1. To make sure I understand the rule: partners must be lysines, Cα under 19 Å from the Cα of LYS51, and not fewer than 8 residues away in the same chain. Which ones qualify?
2. Go through segment 428-445 residue by residue and turn each phi into a ³J(HN,Hα) via Karplus (6.51, -1.76, 1.60, θ = phi - 60°); whole Hz please, and just put x for glycine and proline.
3. How many percent of the alpha carbon pairs in segment 425-559 exceed a separation of 20 Å?
4. Go ahead and estimate [θ] at 222 nm for the chain from helices alone: -39,500 (n - 2.57) per DSSP H run with n ≥ 4, summed, over the residue count, rounded to 500.
5. What are the lysines whose alpha-carbon lies under 21 Å from the alpha-carbon of LYS379, with same-chain residues fewer than 8 places away excluded?
6. For GLN294, which sequence-distant residues (separation of 5 or more, or a different chain) have an amide H within less than 5 Å of its own amide H, given hydrogens modelled in the peptide plane?
7. Taking a ≥ b ≥ c as the square roots of the eigenvalues of the Cα gyration tensor of segment 232-330, is the shape rounded (a/c under 1.5), prolate (a/b larger than b/c) or oblate?
8. Place a +1 charge on the Cβ of each Lys and Arg in segment 502-656 and a -1 charge on the Cβ of each Asp and Glu, then give the dipole magnitude about the Cα centre in debye, rounded to the nearest 20.
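Just so you know, all these numbers are worked out from the coordinates, no wet-lab data involved. Remember, predicted model here, so these are calculated numbers, not experimental data. Cβ coordinates were reconstructed from backbone atoms using ideal geometry, including for glycine residues, and neighbour counts include every protein chain displayed.
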Amino acid sequence: MNDLLHCWLGLLLLAARSSYAWSATPFNPASVPLAVRSPYVSTWLPQGSGKALNDAWATFYTGGITAWAGFITVDGKPFSFMGTPAADADFEKAVQKSVEITSTQSIYVMTADTVDLTVTFLSPVEPSDLVKQSIPLSYMSLSAVSNDGNTHSVQVYTDISAEWLSPGDGAQPANWTFSDGDVLSHSLSLQNQSNYEENSDMIRHGSIYYSTLNSDSVSYMSGSDKAVRTTFVNSSRLANTQDDNFRNINDNYPVFGYTHDLGDVSDATEPIVMSIGLIREPAVQYIVANNQYQDRSLYFWTQYSSADDLISDFLGDYDNALSRAQDLDDKIKSDAGAISTDYANVVTLSVRQALAAIEITTSKSGDSYDTDDVMIFLKEISSNGNTNTVDVIFPMWPMLMYLNPTLGKYILLPALEYQATGQYPNKYSVHDMGTHYPQAIGHNLGKDEAMPVEECGNMLIMALSYTQKAGDNSLISDYISYFDQWTQFLVDEALVPASQLSTDDFAGHLENQTNLAIKGILGIKAMSEIANTIGDRSTASKYSDIASDYLSQWQDLAASSDGNHVTLNYGNDSSWGLTYNLYADKLLGFNLFPSSLYDQQTAFYKQRGFMYGVPLDSRHTYTKSDWEIWTAAIMSDSSTQDMLISAVASYAANGKNDVPFSDWYETRSGEVSGFRARPVVGGHFALLALDSSSPVASGTTFAASPSATDNSNAGCVLSPPFPFTLLRYLL
């Protein structure tokens, strides 16, 4: 069955890759990331069965339109190459030739008669540079080349609409300004702002900036959508005028455009570059001691005094940013490709989505920012919008450990610092830092969503994982009393869990969860190693003995009567589920659970796979892609590991969905069950995080980011590709 299923998965992938009018590398996903940099800069091109760049409007991850239009004229003949704009003039559509997706870029080639236009969307990933990684801006670049050997006159046009301020709610009134200097910037803002309030998951605060470097070949204009676009289609340039009629977003949709005259084109032109993003100050509201609230700022403000300075430096750094991005793309592809091509494809599609859910912040006192006070905040995108949900950070964790473990420390600090103030009343770990992002105002009444065993285990496992990967004991030393408190809770509650939620809360409450008990036992074992690391041998021995004793009891409680699998919950003999929590046993290097258990589960899952994976448990046919990959990472034979990985890759490429990579889907049909754009896809890095070699980056850069003309120590520092010890599989 396994070999037959794997054959079908291979055929499905081949069919998916050949069913479009353009070449797609590695495949056409459900949605292509365009500008994906933060919870509020997250614009995608929905695909379904396949849409060219000029077949649909770009959308916010929720599905609300963030209109982004593009035209090109070739020897005076106009073509649209992006979006579905209208104009009171005739034009043709360019033809999509190819799309390539890397970890940091989405690269389109559009053919407009005798010219090919390369459209590159780059959302930088800078894991060792806090300043650069905290910048909520993304690039789009355009480069043209003749495809017939002759020279052609070429002009390009792009615009954004005010819909970027409020995707899906056009009734909001907006203002806008234009700055004309070395950098041209259209700046758009809602008239009615609120620092920490969202409308349909979009912040009602800050300004959208659409910018480009100034030159004699650039013209600009704002106005109603059809009027501005018609101006370009008719004349190949814009009028250098501004619309001063501030109005609702959907009232003669105001758009903000640029043209670049590329002149006579034969060889490929140097890229012309635009930046897009949302800048706000402050960014996150955080609870500190005595129920006081602190305004926290995005970390880039430690180095830049104004949005204009930031944008100028960002645009000037494009060539260096592209080089760094290409290095990172190559490294991730190489490392993941050493496991399998399908695995590399899944990981590649996950990077921007996962990191776009986080924001790196600092505190401010008067006019000064504290560069040493670093906290990362995460939005639980599309499920309930919580801030720093512990059981959302947990599945994302492998990516942080692969890219830079220090990021893991910074994302744990908000919950640790809050609980250290004594304001959280429960003896188990807090579930999240706020009911809705970007407020991290805690739960002083203790009425957060209760996942007591889940979150205690998660915090202990992640804290030890960070300590091991970073070689830094500060986290476990500073908060040792809380780690011990949560361990004592696990000693009381983990072996036979009461009816409660686990991270898969959509499946409902369940008592005696075997997989949850695994997490609790590993959490106790993690505390043993934490104590041992700081020299507390007595506590280490105590918790190690308890973990071993609980494991022995668990093996009897969890086993099915025929002994061929672990049950979903104790005593429910026919039930079963993915025992993905065993992954922490491998991540932390314990090998506490016997190899026979891994062999047993491997053999069992080999017989339970549908076309798109093994179901999450026996109650349903849906699964989650993060847990599929975590389970793949603990399989004891490569064929079952490859079966699980290839099933996720086939789902991602099947052409049945049109939302940013959903982690929750049906294993039989390959259709999305719910969720979209969530950071838990960072869990797809599970196999890479198991490697004992150094992560992509270690530590962080706190100094000022280099200027555009300074290439020294620029951006993230990448180590050479490291060998991966797992078997390579070729489909």
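1. LYS93, LYS97, LYS656
2. 9, 6, 4, 7, 7, 9, x, 5, 8, 4, x, 9, 10, 9, x, 9, 5, 8
3. Values: 4233 of 9045 pairs.
Counting every Cα pair in segment 425-559, those more than 20 Å apart make up 47 percent.
4. Values: 19 runs with 229 residues, N = 731.
After summing the helix terms and dividing by residue count, I get -9500 deg cm²/dmol.
5. LYS132, LYS409, LYS447, LYS624
6. TYR286, ILE287, VAL288
7. Values: a/c = 3.11, a/b = 1.41, b/c = 2.21.
Taking the square roots of the gyration eigenvalues as a ≥ b ≥ c, segment 232-330 is oblate.
8. Numbers: 10 positive and 17 negative charges, 55 e Å.
Magnitude of the dipole: close to 260 debye.
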